[in-house]
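First comes the structure, then the notes that go with it.
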Amino acid sequence: MNALAPRGAQLERTAARHLGRMPRIIASAQDLEEVLHRLAELVAEAIRADAASIRLGGAGGTEVLHVRRPWGEPSASALPTRLTVPLVLRGRRLGMLTALRARRRPFPQTATALLGAFAGPIAMAVDNARLFDALQDRLADVVRLGEASEAIAALGDIGAVGAQLARQAAHLVSAERGVLLLLDADRAELVAQAPAYGVRPAQVRKLRFPLAEGGESARVLESGRPYIANDIPGDRRDVGRRAFGERSVLMVPLRAAAHPVGVLTVSNKRQGLFTRQDARLLAVFAAQAAVALENAMLYQEAVREREQLKELERLKSQFLSLVSHELRTPVTSIKASAEVLLSTAPAGIPEAHLRLLRNIDRSSDRLSALITDLLDLIRLESGRLELQREYLDVRQVAEEAVSTVRPLADRRNQTIQIDLSADTCPVYGDRRRLEQIALNLLMNGVKFAPLGGTIWLQVRRDADRHVRLTVRDEGPGIPAEEQRRVFEPFYRLDTEETRRTTGTGLGLPIASALTELHGGSLHLESAPGQGSTFSMTLPGATCKS
Ligand code: ADP
């Protein structure tokens, strides 16, 4: 015992020195494989063996062999002397630690003890490294999942989303194929979406699984639970898998807002098995994918509706412009005929006939104005109205409009108060169109102001070098909830005053669209019983500041 003491002490020191290197080795290794290599190297050094091996699991598990000294033959079986200890952790056998020697002489006892001393810490290190590897895998999964989800969220079109989902799903679990099956609720079947990943489009188009057949995909859809089948024997590659003949399949349900929308299927024809971890990962992906899919479906629906609206809009414009053109010619000739008859009417013509002729003349004027408005509106809505721009003074435009409306105001015994500021900027605009706007506002003022009332017209230079033309009246006013609607085509208030006046409800929408075409805006301020104030604001061109 005494004779062994110094050797025992030396052994302890050697063991302590080598064991002390373990934490650093483990910390600096990249993965489990490298940890095993470095530990085998440490063991071989510590007990001066020619080689050391670590085997994890039973036969078929991982094995690493570190050769410290070449022994002349290429195979480990040429090392006849072996010393093996089990790697055990918390009563669980993880694998074996073996030291090997080329010489046919047993390892000394010290080596046996030393190997035993290494086994415990190595088992612990291996377990830690495994956990670490698993953690790394999960992290990589999370990163891939994040990337995959981001990629699909960025797409809008349903076809592109479907193709991307199939591809990302396959990549996520390293599968050879990915197919997205969407539920066709009307036909009660799951339909494969082309393009799929790793499957020819002609093959994809054949894939339809009626729910009534109760195949795996239908069960996944209904149960909401994933399905894994690994190592499917050739004779059982049937039902949902018939068209593929796969070896392994993983399916997860796609549910949007708790109702089933489809099934995401990944599979391998040649090799590769799916784990429960794959199923969990794909299920998380499917949850996000379902949201992207639903968005894509909504988007598609919106696009379809917009297309329909556009088509309706086009048909409406086509119809209106046809009607307007077809009407214009006869109205012009009716008007011309009435004018000729009126101007050449013989002196003795009965008054009743004259009234009828004047009536024809006035009505054809109104009809012709309506046609003009309709055509304007169509051109404005379709962006086909072009402005003939020039530098002009809005005050002149205002005066022109006043002179046109004055006879009507006089007939109603109304006053038009004009206030034109000396300090305005020129405006780069279409004279005829700006006059049309001013005239419409003034006409409305005259129509709605009481008999004998006043209409105020003001042109001012606004802040930011804008020019503002304002028309105010003391009429009935417009309630707040109607103020947006009076700018919609054909909208007229359902009031006594409006019914008394003639009109079509096209003046304000046209005025507003024309103002906007000039880069300006038309505003209304009004309250019932308080009159109305309409202001057209236009950008000034070259203002002296
Ligand atoms: P129209 O005058 O031909 O009916 P507009 O588009 O110019 O068409 O006006 C739409 C509706 O807005 C009018 O029918 C009327 O009900 C209301 N409105 C317009 N201007 C005034 C105003 N100055 N005072 C009160 N109501 C008005």
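The values are calculated or read from the model by the stated rules, or taken from the named source; none is laboratory data. Being a predicted model, the structure only gives us computed values, none of them experimental. Positions of Cβ are backbone-derived with ideal geometry, glycine not excepted, and every protein chain shown enters the neighbour counts. Accessible surface areas use protein heavy atoms only, side chains included; no ligands, DNA or RNA. Shrake-Rupley method; radii C 1.70, N 1.55, O 1.52, S 1.80 Å.
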Note, ³J(HN,Hα) from phi for segment 335-352, Karplus 6.51, -1.76, 1.60, rounded to Hz, x at Gly and Pro: 4, 4, 5, 4, 4, 4, 4, 5, 6, 10, 5, x, 4, x, 5, x, 4, 4
What distance in nm separates the two pseudo spin-label positions at Leu375 and Thr502, each 7 Å out from Cα along the beta-carbon direction? 1.9
Backbone HN-Hα couplings from phi across segment 202-208 [Karplus 6.51/-1.76/1.60, Hz, Gly and Pro as x]: 4, 6, 4, 4, 7, 7, 9
So between Leu342 and Asp31, what do we pick up on full extension, going 0.36 nm a residue minus the alpha carbon distance? 101.4 nm
Which value in Å does the Kirkwood hydrodynamic radius of the chain take, with 1/r averaged over all unlike C-alpha pairs and then inverted? 32.9
I need the calculated FRET efficiency for the pair Leu493 and Tyr299, taking r as the beta carbon distance and R₀ as 30 Å, to the nearest 0.05. 0.20
Size of electric dipole in the chain: Cβ of Lys, Arg +1 and of Asp, Glu -1, about Cα centre, debye, nearest 20: 3340
Ignoring ligands, DNA and RNA, please state the percent of accessible area on the chain from carbon and sulfur, probe 1.4 Å. 52
Amide H of Arg177: which non-local residues (sequence gap of 5 or more, or other chain) have their own amide H closer than 5 Å, using H built in the peptide plane? Ser267
Can you give the FRET efficiency to the nearest 0.05 for Gln109 and Arg21, using r as the Cβ-Cβ distance and R₀ = 22 Å? 0.40
Taking a cut-off of 20 Å between Cα atoms, list the aspartates and glutamates near Lys269, but don't count ones fewer than 8 places away on the same chain. Glu176, Glu216, Asp231, Asp235, Asp238, Glu246, Asp278
Tell me the net charge near Arg200. Cut-off is 11 Å between Cβ atoms, Arg200 excluded, with +1 for each Lys or Arg and -1 for each Asp or Glu. +3
So between Arg411 and Arg384, what do we pick up on full extension, going 0.36 nm a residue minus the alpha carbon distance? 6.0 nm
So what J values fall out for segment 526-532 if you push phi through Karplus, 6.51 cos²θ - 1.76 cosθ + 1.60 with θ = phi - 60°, rounded to Hz, Gly and Pro as x? 6, 8, x, x, 10, x, 10
Residues of segment 526-543 with backbone nitrogen within less than 15 Å of a virtual label 7 Å along the Cα-to-Cβ line of Asp423, please, listed as ranges. 543
As an exercise, use a Förster radius of 41 Å and the Cβ-Cβ distance of Leu320 and His353 to find the FRET efficiency, rounded to the nearest 0.05. 0.70
Residues of type lysines that Lys335 reaches as a straight line, Cα spacing below 30 Å, ignoring anything fewer than 8 places off in the same chain: Lys316, Lys447
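Taking only protein heavy atoms into account and a 1.4 Å probe, give the accessible area per residue of the chain in Å².
I get 55 Å² per residue for this part.
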Built amide H within the under 5 Å cut-off of Val467, gap 5+: Asp462, Leu538, Gly540
Under the helix-only model (-39500 (n - 2.57) for each DSSP H run of 4 or more, divided by the residues of the chain), the mean residue ellipticity at 222 nm, to 500 deg cm²/dmol, is -17000 deg cm²/dmol
